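Take a look at the structure set out below.
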Amino acid sequence: PAKATKAQKGSKTAKAAALAAARAAAAAAAAAKKQRKRGRRGREDFDGSDDSFEMTDSDTELDEATLADDSDADSPKEQRIKRPRAAAAAAAVNNVAAAVAAGPVIAGVPPDVGTGAAEGASQRLLAVLEELNYRFAAVIEGMIRFHSSKARNGSFKRAFELPVTNVPDYEAVVPKERWMWLRRIKDRVQRCYYGSCAEFLADVQAIADNAVAYNTPGRGRLATPPLIDVANKVVDEGRKLLREQGMVDYWEGRAQIERGRQQGPEAFRVMLANAIRQANSAGKEPMGWHWVGCELCGKWRLVSGAAFYELGLEREDSKFMCSQNIDRPGGRCEEPPEWIE
């Protein structure tokens, strides 16, 4: 009996040690998983600062995972929106020659190397384009999720996600310069390609227009008329998502202001004069502009969003003086007020 008791005690000790080791391994795995999540933009534990961001191998899995998932449920990977970066636009400019020399990634499809609104943009304009295209990124991600739903689109799901291939007469009906698909728009958004809602929606609408052009009976040899309805539903979803996006009008207005500033002082003065007239007529500032009062003379000045935030005027304890206005170098309190009671 004594020997049996010792054996039982030894067995219990071994089991306890094994259990402790298993718990330690599980804790280490959980910590590693959490660390990987911290490297993904848009996660709840990302604190928003560049110092805390660490790229992981899992980021390269996003496209493949999204393509592989046919469910309607919005997984964490699908909900993540990658923020466009001006650096991507600069890289696109530098890589134009290399992309052309390398040829098409997909047979018959030329590389998309244009920089759009980001070409020649100032740092202020690029910063605004990042914010504007971030809103477009949310829209295009929603369109891809909507389109990939088998419940909504059946066997035609993802028909417009990638370029049309293996259709011999497609180019004869739809010229290559008009080709458009969802992933091309997504790539352009990441390069800060679009400078307005009109430019973004033009590419979105091109998907439906091309579907009508080829799939109308009697047009293409492989025409599939039901694809027209699928394309229209995807485009309608994009328009709906764009209407639901906040701050799009504001950032579009900011982009217009910065383009005017980039054209030169005279062009910016004309834009400012028009904005002042519009503000006095409507009784409120136009999108992208802010009314601020001078601390010395008490006169109201209309300043651009860029000037507003560069001067820190969003803070409650901020003070503004006419001479500080970066929109009008050399500004003075003696100038007439811009807000007319």
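The values are calculated or read from the model by the stated rules, or taken from the named source; none is laboratory data. Keep in mind that this is a model prediction, so the values were computed, not measured. Virtual Cβ from ideal backbone geometry, glycine too; neighbours counted across all protein chains shown. These accessible areas exclude ligands, DNA and RNA; they are computed on the full protein's heavy atoms, side chains included. Shrake-Rupley method; radii C 1.70, N 1.55, O 1.52, S 1.80 Å.
Observations, loosely collected:
- Odd one out for Thr224, checked against (1) part of a loop (DSSP other than H, G, I, E, B); (2) of a type in the set (Ser, Thr, Tyr); (3) open to solvent by 70 Å² or more (accessible area, probe 1.4 Å): (3)
- Search result, residues across the range 172-182 that are part of a helix (DSSP H, G or I) and in contact (Cβ under 8 Å) with a residue 24 or more places away in the chain: Val173, Lys176, Arg178, Leu182
- Only one of the numbered conditions (1) free of Cβ contacts under 8 Å to residues at least 24 places away in the same chain; (2) of a type outside the set (S, T, N, Q); (3) part of a helix (DSSP H, G or I) is violated by Val235, and that is (1).
- Note on the range 134-169: among residues that are free of Cβ contacts under 8 Å to residues at least 60 places away in the same chain, polar (S, T, N, Q) and not in a helix (DSSP H, G or I), the one that is surrounded by the most Cβ atoms within 10 Å (Cβ to Cβ) is Thr165.
- Residues located in the range 183-197, provided they are part of a loop (DSSP other than H, G, I, E, B) and either of a type in the set (Val, Ile, Thr) or over 24 Å from Phe136 (Cβ atoms) (or both): none
- Complete set of residues in the range 183-212 that are open to solvent by 40 Å² or more (accessible area, probe 1.4 Å) and touching a residue at least 60 places away in the same chain (Cβ under 8 Å): Asp187, Tyr193, Glu199
- Sole residue being among the small types (Gly, Ala, Ser) and either surrounded by 15 or more Cβ atoms within 10 Å (Cβ to Cβ) or farther than 23 Å from Cys322 by Cα (or both), chosen from Ala267, Ala231, Ala273: Ala231
- Near pairs, Cβ below 6 angstrom, 6+ apart or cross-chain, from the range 264-281 (more than 14 Å from Trp339 (Cβ to Cβ)) to any residue that is open to solvent by 30 Å² or more (accessible area, probe 1.4 Å): Phe268/Arg261
- Hey, Glu177 open to solvent by 30 Å² or more (accessible area, probe 1.4 Å) and touching a Cys at 6+ places or on another chain (Cβ under 8 Å) or not: no
- The numbered conditions (1) in a helix (DSSP H, G or I); (2) surrounded by 14 or more Cβ atoms within 10 Å (Cβ to Cβ) are all true for Arg243 except (2).
- Meets criteria (in contact with a helix residue (DSSP H, G or I) (Cβ under 9 Å, 6 or more places away or on another chain), modelled with pLDDT of 90 or more, under 18 Å from Arg332 (Cβ atoms) and crowded, with 21+ Cβ neighbours inside 10 Å) for Arg254: no
- Any chance Val248 is in contact with a Lys or Arg (Cβ under 6 Å, 6 or more places away or on another chain) and aliphatic (A, V, I, L, M): yes
- Residues being aromatic (Phe, Trp, Tyr) and surrounded by 17 or more Cβ atoms within 10 Å (Cβ to Cβ) - total across the range 276-298: 1
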